Amino acid sequence: MLLFLPESSARKNMIRKFKTVFIILFLLALTPFMQSILNADGEITVTSQVNADKIGMEDLLYFTVQVKGEDLSDVPAPQVNNVPGFDVLGRSRSTSQHFQIIGSQSKSELVHSHTFTLKPTKKGKFTIPAVEITYKNVTYKTNPIQVEVVDGSVAQKRGSNRRSLLDDFFNDDDDFFNRRSNLGRRKEITDEVIIEKVPASKEVYLGEQVIETTYLYVRDVQIGQSSNIDGTPPNDFWVEQIKMDTNATREQVRKNEHLYTRFTLMKRALFPTKTGNLKVEPYTMKMQVRGIGFGFGDIITRTSNPVNIIVKPLPRENVPSNFTGVVGRFSVSAKVDKNEIETGKALNFTVTYSGLGNLKDLPEPSMEEYKDIFTVYPPEVEQETELSDAGWGGKKIWKFILVPKIAGEIIINPVRLSYFDPLSKSYKATSSKPITIKVAQGDSTDVYTGPIPSFVEAENKDINYIRNIDGNITGSTRPYFVKPLYWILLLLPILINLGLLLNVFIQSGRKKNLSAFRAKRALANSRRILSDAKKTLKQEHGEKFYDAVIKAIASYFADKWNLSSSGITIEQIKNKLKPLHPELAQEVTDFLEDCEFHRFAGAKDAEGDRPRKTLEQAGDLLNSLEKVFNR
Amino acid sequence: MKIIRKITIILFYVILLLSPALMAQNTGDQPSGITEAEDIQGLAETDNPSARKLFDEAGEYYRLGKWDYAAANYIKIIKSGIENHIIFYNLGNCYFRMKKIGPAMLAWEKALKLNPGDIQIEQNIAFASRMIADKFEEPERHFLAALFSGIVSLFSVNGWFIITIIFTWLGGTAFFIFQTTSKRVLKRVVMYLVIVFILFIFTTGILTYISYNKIESENYGIILAPSVQVRSGPGNNNPVLFVLHEGVKVNVESEQGEWTRISVPNGFNGWINKRTFGLI
């Protein structure tokens with residue numbers, strides 16, 4: 001930088017002062033550069049500070065831990081829980097981006113500021129312990145900070161003698177450089193420096209990415225030091241900061257009839273999380289500018305334009321059933337590191353989604369269906385992001401470790417993903433290829449101790465083989481209850497029991513009509529007895545003959561009157577028959593008494609003509625009696 | 001004791017006569033496919049030499065990996081009127097090997113309908129279901145409903161009917177002993193047995209009816225097109241609600257012209273063109 005000033009002692013002093021300032025400025029400008037050199041790729045710096053080293057009991061202390069680095073996406077948040085002498089009331093986080101132009105190159109750095117609000121609990125001198133953050137196996141540690149707590153409230157004012165040059169640099173109101181730059185100011189800086197945000201698209205679908213680029217336009221002046229880019233993180237968007245290629249951030253462009261040098265300050269991918277007309281808040285940036293006619297080292301503030309993005313809902317038509325909200329363009333692949341393995345040995349199963357879109361939305365591949373086949377360990381997830389002309393995206397990789405539990409041929413089914421493609425405005429599906437793994441029975445049977453897989457899942461590594469039909473090829477079995485044979489089988493025991501029951505009922509009915517039955521059968525029964533009597537006559541058993549004749553007559557009356565034939569007497573017969581037919585009653589009585597007499601007489605009465613006549617007489621009597629009873 | 005005996009006798013005959021009466025209602029509703037198969041050529045109970053030849057050839061084609069030839073033979077057998085679950089099962093295997101998941105699922109489901117509870121068919125369906133794009137979670141059922149459904153599915157229609165017959169014989173025998181024996185202890189034991197058997201006969205008779213009715217009343221189809229747009233009404237002018245893919249089993253609810261109203265297990269329903277699915 002050359003300055004054209006008059007050659008005088010006062011001016012020489014001025015030059016000397018400016019030289020001092022320049023050296024300081026140079027060192028200041030060099031500081032972030034040195035920091036950036038020190039911050040090799042992937043490294044971070046962690047610092048802490050408090051808003052005051054002396055506070056009152058009525059004041060609050062703000063303890064801020066700043067984490068700086070190019071990529072802070074995976075850096076854990078600092079933990080501040082127990083601070084001696086203080087209660088931790090709350091915490092907040094803000095994010096800003098620091099932008100640095102060094103020659104033709106630019107450097108951007110993210111800053112996460114974690115501010116903890118502390119309330120003192122007692123007076124005295126306390127030490128806020130060091131805060132540790134472990135990132136990529138390196139532990140970063142801040143310095144402990146001493147704070148004194150006194151009674152009442154201490155005004156939080158910074159004396160000018162305590163200000164650092166850095167503090168002054170970023171303060172417009174009372175600024176070291178402003179005071180000095182006013183000496184040489186000639187022109188107001190207006191459109192020489194412009195910040196502009198440009199969204200790649202102003203109308204997108206829900207979840208579709210919008211690449212937002214922030215440009216710095218500069219003409220006629222040079223940018224020295226610059227502040228962080230301050231902007232409220234948009235509420236309705238998921239934001240992914242894009243790591244930029246620092247060699248391609250400077251170009252000459254024409255804007256508003258002027259030739260500008262355009263620096264690409266920042267790029268980020270915005271993923272709308274709700275529909276409607278969404279506003280992305282503008283950025284503000286402070287920077288030191290210098291140039292011929294514009295004074296030396298003016299600090300100016302520039303605010304970008306706000307951006308409005310119209311977010312449309314996803315189409316409701318043709319939504320696949322397994323759609324989980326992924327928007328973009330993706331492909332999925334799956335692989336194993338070995339296709340032949342033994343049970344109990346581990347294999348790596350890697351599922352890779354790659355494409356454009358919000359990688360955070362990609363669902364974890366489900367291994368639920370393999371839980372009985374493999375022991376599945378929690379996956380290691382890796383993410384590689386990149387910005388291409390087509391948009392922001394990259395790869396998301398799930399690395400599972402699988403340990404086969406059972407031997408056989410195991411098929412890992414295709415991993416499927418449905419997504420909405422904003423370019424074609426349609427839902428699409430992608431899937432990996434199925435993987436076949438041959439698992440042999442290993443020696444280490446003690447590896448798996450879980451439940452035994454169910455039969456179906458264990459055996460179903462493929463469909464069952466075709467089946468044969470022995471004998472005739474016929475139609476499948478009809479339902480049995482349309483076949484008569486089965487109905488007969490069903491009804492047979494019922495019919496048998498019905499028949500049995502019917503017989504019981506018949507027998508019961510017969511018992512009820514026994515007297516009538518006996519009366520009806522009386523004559524036949526008596527004649528049968530007489531016939532038996534005739535047989536005994538041939539054997540010359542006179543006693544038995546007459547006994548049978550008496551029994552035949554007595555049975556007749558017993559049947560007719562439903563009495564016991566053994567207990568009936570001649571007197572009974574006479575008395576019961578007399579009202580019906582007196583002559584016959586007498587005749588029966590005489591006959592029975594005569595028979596009684598001959599029975600006692602013995603065998604001699606069984607000879608000659610008498611028995612025959614007795615039989616005829618008995619037959620006649622029975623006929624006569626039957627006529628009487630039938631009347 | 002006399003009263004108990006009379007009640008037992010009355011119960012036995014009322015229920016025994018009631019169970020066949022209940023089941024008798026089914027005789028008029030036998031599966032139409034089976035009767036049609038019989039009506040065509042009367043092959044259901046007779047040998048068919050050409051069917052045997054086609055079947056054996058199909059098996060050989062399958063073994064050689066000529067699945068399309070094997071499928072053609074199985075289709076010829078089915079078209080001749082023989083509806084055998086093994087033929088449908090083998091046909092499903094052919095389609096599966098030809099990577100036609102929809103027709104494979106349709107053939108296996110038909111086989112399962114002809115022979116409910118066939119473990120090999122169920123295994124194949126379960127295996128192929130993993131390859132269907134659409135996965136539906138069955139809605140949670142009440143414990144008792146799930147238990148009842150599980151009991152009904154324990155046996156096929158024929159299985160339940162055979163069990164009913166066995167219990168009828170056991171009950172009949174017990175009742176015969178009850179009537180004829182004069183031993184008081186034995187009489188008492190068989191009396192309780194008769195009561196138990198009557199309850200079993202009644203239960204299994206009802207389960208036979210429910211099992212058969214379940215098969216007949218449920219009307220399912222399989223999506224055969226690679227993907228089907230399910231619309232809110234019968235016609236292409238209606239909005240698309242969701243998309244189903246090949247192989248999905250849908251419940252067929254009603255028809256209107258060329259369109260059929262279907263539903264899927266998660267409760268979604270809509271209309272699809274008749275040509276896009278096959279009835280089981």
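Worth pointing out:
- One residue stands out in region A:105-153 among those that are aliphatic (A, V, I, L, M) and touching a Pro at 6+ places or on another chain (Cβ under 6 Å): the one that is surrounded by the most Cβ atoms within 10 Å (Cβ to Cβ), namely A:Val131.
- Strands (runs of 3 or more DSSP E) contained entirely in region A:271-344, each with at least 3 residues that are of a type in the set (A, V, I, L, M): A:284-290, A:307-312, A:328-336
- Selection count, region A:351-364, where residues are surrounded by 20 or more Cβ atoms within 10 Å (Cβ to Cβ), under 21 Å from the mean Cα position of the chain (by Cα) and assigned to a loop (DSSP other than H, G, I, E, B): 1
- Check on A:Asn575, more than 60 Å from the chain's Cα centre (by Cα), closer than 25 Å to A:Arg518 by Cβ, surrounded by fewer than 15 Cβ atoms within 10 Å (Cβ to Cβ) and in contact (Cβ under 8 Å) with a residue 12 or more places away in the chain: no
- Verdict on B:Thr208 being under 25 Å from the mean Cα position of the chain (by Cα), closer than 29 Å to B:Met131 by Cβ and of a type in the set (Ser, Thr, Tyr): no
- Among the residues of this structure, B:Ser156 counts as one that is at negative phi and either touching a Lys or Arg at 6+ places or on another chain (Cβ under 7 Å) or buried (at least 19 other Cβ atoms within 10 Å of the Cβ) (or both).
- Looking only at residues in region A:319-352 that are over 21 Å from A:Ser388 (Cα atoms) and of a type in the set (A, V, I, L, M), the one that is nearest to the other protein chains (Cβ to nearest Cβ) is A:Val319.
- Complete set of residues in region A:403-425 that are modelled with pLDDT under 90, part of a strand (DSSP E or B) and not acidic (Asp, Glu): A:Val403, A:Pro404, A:Gly408, A:Ile410, A:Ile411, A:Ile412, A:Arg416, A:Leu417, A:Ser418
- Some residue of region A:253-264 being at pLDDT 80 or above and touching a Leu at 6+ places or on another chain (Cβ under 6 Å): yes
- Index of the failed condition, A:Gln441 passing every other in (1) at pLDDT below 50; (2) more than 7 Å from chain B (Cβ to nearest Cβ): (1)
- A residue that is within 10 Å of chain A (Cβ to nearest Cβ) and within 19 Å of the chain's Cα centre (by Cα) occurs nowhere in region B:55-66.
- Put simply, of B:Tyr209, B:Tyr220, B:Tyr192 the only residue that is more than 30 Å from B:Ile125 (Cβ to Cβ) and out of contact with any Ser or Thr (no Cβ under 6 Å at 6 or more places or on another chain) is B:Tyr192.
- Residue selected from region B:215-233 under the condition away from every other protein chain (no Cβ under 13 Å) and surrounded by fewer than 20 Cβ atoms within 10 Å (Cβ to Cβ), by the criterion nearest to A:Thr430 (Cα to Cα): B:Ala225
- Each residue in region A:381-402 was checked for being part of a strand (DSSP E or B) and free of Cβ contacts under 8 Å to residues at least 24 places away in the same chain, and 4 of them qualify.
- Out of B:Ala107, B:Ala128, B:Ala174, B:Ala145, sole residue that is free of Cβ contacts under 8 Å to residues at least 12 places away in the same chain and either within 14 Å of chain A (Cβ to nearest Cβ) or of a type in the set (Gly, Ala, Ser) (or both): B:Ala145
- Looking at B:Tyr212, B:Tyr192, just one residue is touching a residue at least 12 places away in the same chain (Cβ under 8 Å) and within 28 Å of B:Ile151 (Cβ to Cβ), and that residue is B:Tyr212.
- Residue in region B:71-85 that is modelled with the highest pLDDT, counting only those that are within 8 Å of chain A (Cβ to nearest Cβ) and under 17 Å from B:Ser50 (Cβ atoms): B:Ile77
- The lone exception for B:Asp134 - which of (1) of a type in the set (Asp, Glu); (2) more than 27 Å from A:Ser418 (Cβ to Cβ); (3) within 7 Å of another protein chain (Cβ to nearest Cβ) it fails: (2)
- Only listed residue being over 30 Å from B:Ala174 (Cα atoms), without any contact (Cβ under 8 Å) to a residue 24 or more places away in the chain, part of a helix (DSSP H, G or I) and more than 60 Å from the chain's Cα centre (by Cα), chosen from A:Lys560, A:Lys535: A:Lys535
The values are calculated or read from the model by the stated rules, or taken from the named source; none is laboratory data. Since we're looking at a predicted model, the values are computed, not measured. Here the Cβ is made from the backbone with ideal geometry for all residues, glycine too, and neighbour counts use every protein chain on show.
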